[in-house]
Structure formats: structure tokens, C-alpha cells
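Structure, as C-alpha cells:
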Amino acid sequence: MDSKRIVYMDHAATTYVKPEVLEAMLPYFTEQFGNPSSVYTLGRKSRSAIEEAREKVAKAIGALPEEIYFTGGGSEADNWAIKGAAFANRAKGNHIITSKIEHHAILNTCEFLEKQGFEVTYVSVDENGVIDLEELKNSITDKTILISIMFANNEIGTIQPIEEIGRIAKERGIIFHTDAVQAIGNVEINVKDMNIDMLSLAAHKFYGPKGVGALYVRKGIRIENLIHGGGQERKRRGGTENLPGIVGLGKAIELATADIEGHNARIRALRDRLLNGILEKIPYTKLNGHPEKRLPGNINVSFKFIEGEGLLLLLDQSGIYGSTGSACSSGSLDPSHVLLAIGLPHEIAHGSLRLSLGDKNTEEDVDYVLDVLPKIVQRLRDMSPLYENFIKGGR
Amino acid sequence: MYSDKVMDHFMNPRNVGEIENADGIGEVGNPKCGDIMRIYLDVEDNIIKDVKFKTFGCGAAIASSSMATELIKGKTLEEAWRLTNKAVAEALGGLPAIKMHCSVLAEGAIHKAINDYRIKHGLEPWKDDKNYDDDHHDIGE
Ligand SMILES: Cc1ncc(COP(=O)(O)O)c(C=O)c1O
Ligand SMILES: [Zn+2]
């Protein structure tokens with residue numbers, strides 16, 4: 001087996017940091033290290049680097065700089081948005097609407113709030129993973145204070161009708177938050193046009209550093225603080241700023257949103273070549289997620305009769321990195337909540353593989369995967385009692 | 001996360017396959033929990049002459065199947081019956097705690113295959129105190 005070649009196709013998990021981004025960050029670890037809150041020149045330079053990054057983030061999503069707050073990543077932004085809006089609007093109501101396919105940063109936050117007396121509706125999705133807008137509308141009550149629907153799903157890549165949800169929320173005077181962690185750099189976003197009140201993002205999904213993100217909060221939307229402390233982030237988020245991280249986030253979002261169309265066209269062409277190849281070469285395979293309205297780099301397929309962890313281990317032996325929604329690999333007893341929400345039976349969910357392509361992937365990578373993957377799937381099928389039953393015509 | 005032994009048995013599983021007209025066949029697990037194992041036994045004079053398996057499941061499930069079949073090959077049915085999932089896991093150099101449940105399948109499939117053999121030969125099936133099909137997750141360590 002050729003184990004020299006490494007093909008990283010797990011960009012939805014995290015990306016490498018682009019050299020330009022790293023370069024922009026480096027001075028802020030060493031020479032330019034001053035505390036942004038310090039009044040002397042060194043500190044003031046740090047302050048202006050942060051404000052420059054804030055402008056870049058604002059520009060990328062059509063917001064104002066003063067509407068951007070830096071956080072310690074996507075999960076913190078999600079926690080802050082949900083808890084902050086819930087606790088600030090308790091007098092108005094205690095009802096929150098979200099979806100069944102959100103990231104755990106949203107779902108587990110909602111579960112926590114349920115213990116605090118909030119009520120949460122988890123709206124269903126169709127077989128492609130698209131939110132049921134009727135169900136969403138019908139679940140709104142006078143007590144609804146917040147709607148949180150992710151922009152694009154991290155597992156199956158489905159992109160939601162965010163503009164329509166924004167319109168619905170606006171009509172009813174409800175705060176609308178979207179987790180756009182997977183969407184940045186892949187979808188054109190304008191928070192004003194789309195009526196988005198809050199938006200979460202994380203740098204490490206678009207070639208920036210890990211552990212830094214941002215929450216956009218529209219001017220006029222009141223949310224409680226999550227991190228209490230010093231007066232940083234205009235008294236909204238305590239703690240000395242992650243200066244190099246924030247600079248990296250700014251540079252990364254600038255690069256990621258400079259040419260979304262060009263990036264999409266390139267990644268989508270590669271993705272489609274890989275996807276079509278997989279569907280052609282490997283029988284009894286099903287695409288999960290929306291066929292068109294999906295992230296450009298996302299492939300999520302289920303191979304019948306096999307289980308995903310074995311697949312990942314064998315792919316790893318060939319230098320190919322992907323992920324699965326199988327239970328056995330996550331350590332929980334159930335397969336991915338997203339795959340169950342789109343109606344997959346457990347055994348099909350267990351056999352899922354997500355490959356998420358990124359900027360460095362090439363046609364050679366795609367051809368290599370198309371050479372290796374069918375053999376691995378067949379090898380596992382030859383070991384599978386379910387496949388044996390199928391071949392023998394069922395028992 | 002896996003020991004070298006586990007990886008070896010996963011990458012090069014021993015005794016994969018079927019036995020035609022097997023003397024005993026046992027299957028446990030269900031697709032819902034993500035692991036299914038089927039064992040085929042070839043028995044002669046109360047000795048397991050040959051054993052094959054097919055497994056739908058994770059790396060630990062496949063490695064456990066491979067190791068368990070190695071451990072019972074050439075053994076008497078009584079010896080094979082006494083094989084525990086703990087012994088399989090130990091022979092594999094240990095399994096991560098969350099993966100212990102995957103090794104229970106091998107023990108269960110062997111029990112079922114032995115009793116299938118016993119029933120086919122007009123013998124009283126041996127009593128099993130565990131139900132391996134339902135929620136084998138609770139059985140682990
Ligand atoms: C949709 C979505 N939301 C939130 C997160 C959490 O982001 P972070 O890991 O930066 O906290 C992720 C990343 O895994 C994600 O994909
Ligand atoms: Zn398992």
C-alpha cells in the first residue's frame with residue numbers, strides 16, 4: 001500500500017492555517033505583543049491591529065465593525081448568542097426555536113436552557129436536511145424570543161433558506177441567530193439583506209487559527225454577557241484579547257471572502273468529480289444532504305452494509321483523512337443526530353463517510369481516493385454479514 | 001486509540017469468511033447499535049476444527065472477531081464456551097473502555113453457534129445468562 005501520499009479531506013473539521021495568515025500573526029507573538037488595553041504605543045498598536053481585524057470581519061458579512069465581538073471560537077459564539085439572548089429577554093418570553101440538526105454547541109446549550117425553565121422547539125428537516133419552514137412558522141408563539149438556525153450543516157453540507165427564515169423572524173419581531181461556522185467563505189453572506197441579528201463564526205474553518213471566532217450582534221439587540229471580566233470588547237466580553245488569533249482571523253476572513261465564487265467553482269468541480277466517481281464506482285451508495293444546495297466541498301455518502309469507523313481506519317492506512325457519523329467512532333451509542341434527522345435508518349447512518357475538500361486538494365487527490373476507496377469498501381463488504389445476506393438474496 | 005495488536009487483527013483479520021454446511025452458526029447484535037457478528041463452526045469429536053466469521057462493525061468489533069476465532073480454534077466446545085470478552089480484550093492488548101461492548105459480541109456469537117450445534121445434534125442447549133442482542137452496550141466491563 002502506498003502510505004506516502006497524504007490526502008486531507010476533513011476541512012469541515014478544521015483547516016490548516018494559510019501561510020499569509022500565519023505571517024500576519026507572527027509579529028503579534030513576539031515584537032508586537034503589547035496588551036491592547038495598555039495606553040502606551042505598544043499597546044495602542046495592538047489595539048489598532050484588533051480594530052483592523054474587526055473591520056475585516058464586518059466587511060466580510062456586511063456588518064458594522066461595532067457589531068463584531070471576538071470570542072474563543074465557534075462554540076463560545078454560539079453559547080453567548082443563545083444564552084445571552086435567552087437571559088436578556090426572559091421578561092418577554094421563554095421560548096426558543098432551533099433545529100434538530102444544529103451543532104452540539106447549539107443543541108447542548110438549548111438543553112442547558114431547558115433545565116433553566118426555557119422551552120425549546122427543535123424543528124424537523126426534510127430528507128435533504130432542509131428546515132421545514134411551515135413547522136418553523138407554526139411553532140412560533142407569543143413567548144418566542146429567539147430563532148437559531150444554522151447557515152450550513154457541518155455533516156451533510158445542506159445550506160438553509162436563511163433569507164426566508166430572517167424574513168419570518170423579522171415579521172414576528174423575534175431575534176434571529178445563525179451559526180455560520182461552516183458557511184463563511186463558501187456562501188455570500190450579508191447580515192443586513194438576510195435579516196440576521198446574530199451570527200457565529202470560527203477562524204479555523206477558513207484557514208485561520210483555532211480557538212478564535214466572532215459573534216456578530218446587530219446594533220440594538222440586547223444580550224447578556226457570557227464572559228464577565230475586564231472591559232474588553234466594549235465591556236461585552238472580558239479577558240485580554242487573543243491578539244495574534246484575532247489578527248489571523250481578520251486576515252483569514254479577508255482571504256476567504258475575496259473571491260467566494262472562484263473558490264466555489266474550483267472546489268465544486270473537484271467535489272463533483274469525486275462524488276460522481278464514488279457513486280459510479282461503488283454500488284449501493286447513497287448521497288446524504290441536498291444534491292445542489294450544499295457546501296461546495298462537502299461529500300457525505302452512506303455505503304450500505306458497512307460501518308464507518310473501519311472505513312476511516314483503512315482510509316487512514318492509505319493516507320486519506322475523512323470522518324464518519326457512525327456511533328462507534330464518536331463514543332456515543334447513537335449514530336449522528338443529523339443523519340437520523342434526515343431519516344436514515346441506523347445501519348445506513350453507521351456506514352456514512354464525510355469527505356470535505358479544501359483549497360489544497362487536487363485532481364490527483366481525487367483520483368487517488370477514487371482508486372483506493374472502492375477497494376476498501378469492497379474489502380469491508382466482503383467481511384460483512386449484512387452484505388452476505390444481501391448477496392444471497394436475504395434471509 | 002487502538003493497540004498495535006488490535007490494528008493488526010483489524011488490518012489482517014484471521015478467519016474471515018463462511019463455512020458451507022457449517023455445524024453451528026451463531027449471530028448476535030443488530031444493525032441499530034452498529035455491530036453484528038456471525039460465526040461459523042466446523043466441529044469434529046467435540047473439537048472446533050475450523051471457525052470463520054463475518055462482522056459488520058467498528059475496528060474493535062472486527063479485531064475482537066478475529067482474535068476470538070483464533071482463541072477457540074482447536075479447542076473443545078466446553079473450552080470455547082468459557083471464552084469471555086475480557087479474555088478476548090486482554091489477548092488484544094486491551095481495548096478502549098468505550099469499545100469493550102464491541103468485544104462482547106464475539107463471546108455471544110460463539111455461544112449461539114455452540115448451541116446451534118447442540119440443538120442440531122439433539123443436545124440440550126447450554127444456558128446463557130446474558131442476552132447479547134439487546135443492548136450489548138450495557139454488558140461491557
Ligand atoms: C456548525 C458548527 N458550529 C460550531 C462549531 C464549533 O466551533 P469551534 O470548534 O470553533 O468551537 C463547529 C465546529 O466544529 C461547527 O461546524
Ligand atoms: Zn463497535
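The values are calculated or read from the model by the stated rules, or taken from the named source; none is laboratory data. Keep in mind it's a predicted model, so treat the numbers as computed, not measured. Because the Cβ atoms are built from the backbone with ideal geometry, glycine has one as well, and the counts that use them run over all protein chains shown.
Does at least one position in the range B:128-137 carry a residue that is outside any loop (DSSP other than H, G, I, E, B), surrounded by 14 or more Cβ atoms within 10 Å (Cβ to Cβ) and modelled with pLDDT of 85 or more?
no
Quick one: residue B:37 ticks every box in (1) away from ligand 2 (no atom under 12 Å from the Cβ); (2) closer than 30 Å to residue A:344 by Cα bar one, so which box is it?
Status for residue B:37: all satisfied but (1).
Assess whether residue B:43 counts as being within 24 Å of residue A:350 (Cα to Cα), crowded, with 17+ Cβ neighbours inside 10 Å and of a type in the set (A, V, I, L, M).
Answer is no for this residue.
Going through the range A:170-191 one residue at a time, which ones are out of contact with any helix residue (DSSP H, G or I) (no Cβ under 9 Å at 6 or more places or on another chain) and either surrounded by 23 or more Cβ atoms within 10 Å (Cβ to Cβ) or of a type in the set (Lys, Arg) (or both)?
Listed by number, the list holds a single entry, A:170.
Would you mind telling me which numbered condition in (1) surrounded by fewer than 22 Cβ atoms within 10 Å (Cβ to Cβ); (2) within 11 Å of chain B (Cβ to nearest Cβ) residue A:364 fails?
Unmet for residue A:364, out of (1) surrounded by fewer than 22 Cβ atoms within 10 Å (Cβ to Cβ); (2) within 11 Å of chain B (Cβ to nearest Cβ): (2).
Quickly run through the range A:337-352 and pick out the residues that are away from chain B (no Cβ under 14 Å), within 17 Å of residue A:299 (Cβ to Cβ) and not in a loop (DSSP other than H, G, I, E, B).
A:338
Would a scan of the range A:327-335 turn up a residue that is within 16 Å of ligand 1 (Cβ to nearest atom), assigned to a helix (DSSP H, G or I) and farther than 16 Å from residue A:129 by Cβ?
yes
Determine whether residue A:54 is of a type in the set (Lys, Arg) and without any contact (Cβ under 8 Å) to a residue 24 or more places away in the chain.
no
Out of all the residues in the range A:46-59, is one or more assigned to a strand (DSSP E or B) and assigned by the TED database to the domain that holds residue A:109?
no
Out of the range B:19-34, which residues are free of Cβ contacts under 8 Å to residues at least 60 places away in the same chain and at the interface with chain A (Cβ under 7 Å from one of its Cβ atoms)?
Listed by number, the residues that qualify are B:31, B:32, B:34.
So which residues in the range B:113-122 are touching a Phe, Trp or Tyr at 6+ places or on another chain (Cβ under 7 Å) and either among the β-branched types (Val, Ile, Thr) or within 13 Å of ligand 2 (Cβ to nearest atom) (or both), if there are any at all?
Passing the criteria: only B:114.
Identify, please: which residue in the range B:58-112 is assigned to a loop (DSSP other than H, G, I, E, B) and surrounded by 24 or more Cβ atoms within 10 Å (Cβ to Cβ) and is, among those, farthest from ligand 2 (Cβ to nearest atom)?
Per the criteria, the residue is B:92.
Among the residues that make up the range A:79-100, is at least one of them within 21 Å of the chain's Cα centre (by Cα), within 16 Å of ligand 1 (Cβ to nearest atom) and in a loop (DSSP other than H, G, I, E, B)?
Checked against the condition, which is being within 21 Å of the chain's Cα centre (by Cα), within 16 Å of ligand 1 (Cβ to nearest atom) and in a loop (DSSP other than H, G, I, E, B), the range A:79-100 yields at least one hit.
So which of A:310, A:297 is within 13 Å of another protein chain (Cβ to nearest Cβ) and either buried (at least 21 other Cβ atoms within 10 Å of the Cβ) or modelled with pLDDT of 95 or more (or both)?
A:310
Answer yes or no: is there a residue in the range A:101-112 that is at pLDDT 95 or above, in contact with a strand residue (DSSP E or B) (Cβ under 8 Å, 6 or more places away or on another chain) and away from ligand 1 (no atom under 16 Å from the Cβ).
no
Which pairs turn up if I take residues in the range A:206-217 that are away from every other protein chain (no Cβ under 14 Å) and at negative phi and look for partners that are in a strand (DSSP E or B) and within 11 Å of ligand 1 (Cβ to nearest atom) with beta carbon separation below 7 Å, at least 6 apart in sequence or on another chain?
A:213/A:71; A:213/A:200; A:213/A:201; A:213/A:202; A:214/A:71; A:214/A:201; A:215/A:71; A:215/A:200
Can you confirm whether the range A:255-271 contains a residue that is surrounded by 23 or more Cβ atoms within 10 Å (Cβ to Cβ) and out of contact with any Pro (no Cβ under 8 Å at 6 or more places or on another chain)?
yes
Here are B:7, B:37, B:11, B:1: which of them is within 10 Å of chain A (Cβ to nearest Cβ) and either among the basic types (Lys, Arg) or under 19 Å from residue B:112 (Cα atoms) (or both)?
B:37
Given the conditions (1) surrounded by fewer than 17 Cβ atoms within 10 Å (Cβ to Cβ); (2) within 22 Å of residue A:14 (Cα to Cα), which single one is not true for residue A:391?
(2)
Anything in the range B:40-57 that is touching a Leu at 6+ places or on another chain (Cβ under 9 Å) and either assigned to a strand (DSSP E or B) or within 14 Å of chain A (Cβ to nearest Cβ) (or both)? List them, or say none.
If the condition is that a residue be touching a Leu at 6+ places or on another chain (Cβ under 9 Å) and either assigned to a strand (DSSP E or B) or within 14 Å of chain A (Cβ to nearest Cβ) (or both), then B:41, B:43, B:47, B:48, B:49, B:50, B:51, B:52, B:54, B:55, B:56, B:57 are the ones that fit.
Could you tell me which numbered condition residue A:145 fails, if it satisfies all but one of (1) farther than 26 Å from residue A:295 by Cβ; (2) exposed (fewer than 15 other Cβ atoms within 10 Å of the Cβ)?
Residue A:145 satisfies every listed condition except (2).
Those residues that are more than 17 Å from the chain's Cα centre (by Cα) and not in a loop (DSSP other than H, G, I, E, B), I need them from the range A:195-226; list them, please.
A:217
Looking at residue A:161, is it away from every other protein chain (no Cβ under 14 Å), within 12 Å of ligand 1 (Cβ to nearest atom) and more than 14 Å from the chain's Cα centre (by Cα)?
So residue A:161 fails the test.
Return the residues of the range B:97-126 that are out of contact with any Lys or Arg (no Cβ under 9 Å at 6 or more places or on another chain), more than 16 Å from residue B:48 (Cβ to Cβ) and modelled with pLDDT of 90 or more; say none if nothing qualifies.
B:119, B:122
Consider residue B:16 carefully, then state whether it is touching a residue at least 40 places away in the same chain (Cβ under 8 Å), under 17 Å from the mean Cα position of the chain (by Cα) and facing another protein chain (nearest Cβ under 7 Å).
Against the criterion (touching a residue at least 40 places away in the same chain (Cβ under 8 Å), under 17 Å from the mean Cα position of the chain (by Cα) and facing another protein chain (nearest Cβ under 7 Å)), residue B:16 qualifies.
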